[in-house]
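Worksheet: the structure to be examined is printed underneath.
The values are calculated or read from the model by the stated rules, or taken from the named source; none is laboratory data. Just so you know, these numbers come straight off a predicted model, no measurement behind them. Here Cβ is always computed from backbone atoms with ideal geometry, including for glycine, and neighbour counts include all displayed protein chains.
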């Protein structure tokens, strides 16, 4: 009697993890139950909790599951996934998160497409409403940056280039990584974007929609570092932009300069449309307004660094806005204060036929 071949024997499921002790064992149990013939690689990014111990405990009774121990000096989500892909020994692979935001039941949908000959299959989030507003905006902005770059370079693309749920033909992706892997943003977060950048121009991308879920346990790793990382993935212009954004919103001196530049630009714009002359009163008002605005920034910086989430770009934007808005308010107050003594006091005016003549200075 012949052996029964499991339909998922040619599949490797890659789970990049970092501090997922609360999720990893339930995820492994679910995947092993749904796809008993599939290999599972947990590419852990040197977690500080019990993630690795939980994986090893599970692997003791499940030989198709293994823990990929990684170099502590080569950290990053992209690096973890790349190492997982290079370790795969099956014809196909699927990458997914271990926090249940990517539904385990949809892995089979991606694998069906791969078995049918698809080179890359991307899981497209059907409903992003479970994301916070900030995450939706960040995801949309990152996707647009990636789309512009991929279209400019005439590379394969997707409706969801930021997706962390995707699969591919193992040999094709391994060959791409061997040839172009040194150009990947290994410390970054969006390996699909890197793959799409360097896959052959003729690569066909197939999409499968899935329902995006909320995390079962643990905290989201989303931060402004992801936006900066994606910018660095967008070629030379993206790298320069990332440096500029980092300086203007994260570096303290850069924040001062950003607020100063924004304030001056807005001031000259207002003066232009209002036909205001830049006289001594305006100069004095501008200097005093900036002194107070910078004081606000220093105080806000000290307060915001000790309260709430200290995310670089978000914090920087808040500080720059604080200084800018403070400057505009103070500029108005000082300009009105210094201009008032020079305005004409109420008087009895005599008029001739052409021009008004003030009788009281």
**Message:** I'd like to know if the range 20-38 contains one or more residues that are within 23 Å of residue 175 (Cα to Cα) and in the same structural domain as residue 181 (by TED's automatic domain parsing).
**Reply:** yes
**Asked** Do the conditions hold for residue 70, that is, is it without any contact (Cβ under 8 Å) to a residue 40 or more places away in the chain, outside any loop (DSSP other than H, G, I, E, B) and surrounded by fewer than 23 Cβ atoms within 10 Å (Cβ to Cβ)?
**Response** no
**Asked** Which residues, counting only those in the range 1-40, are modelled with pLDDT of 95 or more, assigned to a helix (DSSP H, G or I) and under 17 Å from residue 80 (Cβ atoms)?
**Response** 24, 27, 28
**Message:** Tell me yes or no: at least one residue of the range 41-54 is part of a strand (DSSP E or B), more than 18 Å from residue 9 (Cα to Cα) and modelled with pLDDT of 95 or more.
**Reply:** yes
**Prompt:** So which helices (runs of 4 or more DSSP H) are wholly in the range 180-294 and hold at least 3 residues that are outside the structural domain of residue 84 (by TED's automatic domain parsing)?
**Reply:** 224-233, 235-249, 252-274
**Message:** Among the residues in the range 47-60, are any closer than 24 Å to residue 169 by Cβ and in the same structural domain as residue 126 (by TED's automatic domain parsing)?
**Reply:** no
**Fill in**
Reported set for the range 258-280 where residues are modelled with pLDDT under 80 and surrounded by 12 or more Cβ atoms within 10 Å (Cβ to Cβ) is 276, 279
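Okay, residues lined up against (1) at pLDDT below 85; (2) touching a strand residue (DSSP E or B) at 6+ places or on another chain (Cβ under 6 Å); (3) more than 18 Å from residue 95 (Cα to Cα); (4) part of a strand (DSSP E or B):
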| residue | (1), (2), (3), (4) |
| --- | --- |
| 114 | no, yes, no, no |
| 122 | no, yes, no, yes |
| 130 | yes, no, yes, no |
| 138 | yes, no, yes, no |
| 143 | yes, no, yes, no |
| 150 | no, no, yes, no |
| 157 | no, no, no, no |
| 172 | no, no, no, no |
| 177 | no, no, no, no |
**Asked** So which residues in the range 93-112 are outside any helix (DSSP H, G or I) and surrounded by fewer than 22 Cβ atoms within 10 Å (Cβ to Cβ)?
**Response** 97, 100, 101, 103
